[in-house]
Amino acid sequence: QTTPLEAGTYFLFVDSDAASQKGDFALAVSLTSAVLPANDTCEAPKEIFFSPSGIATDIGSTLYSLDQYQSYCDPEGGGPDVIYSFTAGTLQSITATVESDEFQPTLILYREACGVGEPYTCSVDGNLFVPNQPGGEYFLVVDGTGEKEWGAFDLTLSLD
């Protein structure tokens with residue numbers, strides 16, 4: 001089983017450890033279509049809902065998503081990204097944490113308009129803190145730092 005492969009021609013070799021290890025074998029190869037995540041664009045962000053204590057969590061993935069957004073924090077960027085939306089009250093602080101064993105997440109936060117103009121703020125270490133923000137609708141982009149930086153992640157958002 002492999003991680004996603006780029007389009008192209010590939011060769012698979014079947015070999016043994018020694019000359020005496022030979023014989024018939026069966027080989028099966030299958031391809032799995034790359035299905036875009038539902039929250040791949042600003043047109044369809046995944047809405048986040050907070051608990052009464054102001055905490056929201058999600059288990060997500062950037063696997064098969066497209067690279068559509070980047071920020072001044074990581075201008076070279078180039079990683080696949082997914083989008084979340086949420087509403088914060090005036091003067092609440094926003095804390096976002098994304099942890100992954102598979103890639104280094106970059107976070108991009110837009111306010112009021114997703115993917116338009118410069119982001120409100122961003123971070124290249126998977127942690128974001130915005131104190132006493134003006135409130136309204138926010139869009140959080142979970143991005144990879146490079147073309148092949150993708151995978152599963154745990155998102156935790158809190159409003160204080």
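The values are calculated or read from the model by the stated rules, or taken from the named source; none is laboratory data. Only a predicted model underlies this, so the values are computations on that prediction, with no experimental measurement involved. Cβ: placed from backbone, ideal geometry, glycine included. Neighbour counts: every protein chain shown. When the accessible area is computed, the model is the full protein with side chains, heavy atoms only, and any ligands, DNA or RNA have been set aside. Shrake-Rupley method; radii C 1.70, N 1.55, O 1.52, S 1.80 Å.
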- Message: Charges on Cβ only, +1 for Lys and Arg, -1 for Asp and Glu, centred on the Cα centroid of the chain; of Gly79, Tyr64, Ser53, which one is farthest towards the dipole's positive end?
- Response: Ser53
- Task: Among (1) 49, 12, 10; (2) 40, 16, 14; (3) 20, 19, 15, find the value of semi-axes √(5λ) of the Cα gyration tensor in Å that was calculated from the structure presented, and write down its label.
- Result: (2)
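So with the 1.4 Å probe, I'd like the accessible area per residue for the chain, rounded to whole Å².
Details: 9830 Å² over 160 residues.
Ligands and nucleic acids excluded, the figure is 61 Å² per residue.
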- Given H placed 1.01 Å from N in the peptide plane, which residues other than close sequence neighbours of Thr145 have an amide H under 5 Å from its amide H? Gln104, Thr106
- What residues qualify as long-range amide H neighbours of Asp125, i.e. H under 5 Å apart, gap of 5 or more or another chain, H built at 1.01 Å from N? Leu107
- Please give the solvent-accessible surface of Cys42 in Å², to the nearest 10, using a probe radius of 1.4 Å with every protein chain present. 20
- Message: What do you get for GluC sites (Glu not before Pro) in segment 125-155 restricted to DSSP loop and a cutoff of at most 15 other Cβ within 10 Å of the site's Cβ?
- Response: Glu147
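Hey, what did the chain get for relative contact order, percent, Cα under 8 Å, at least 6 apart? Working shown, then result.
Working: 346 pairs, mean separation 45.4, N = 160.
Dividing the mean separation by the residue count of the chain yields 28 percent.
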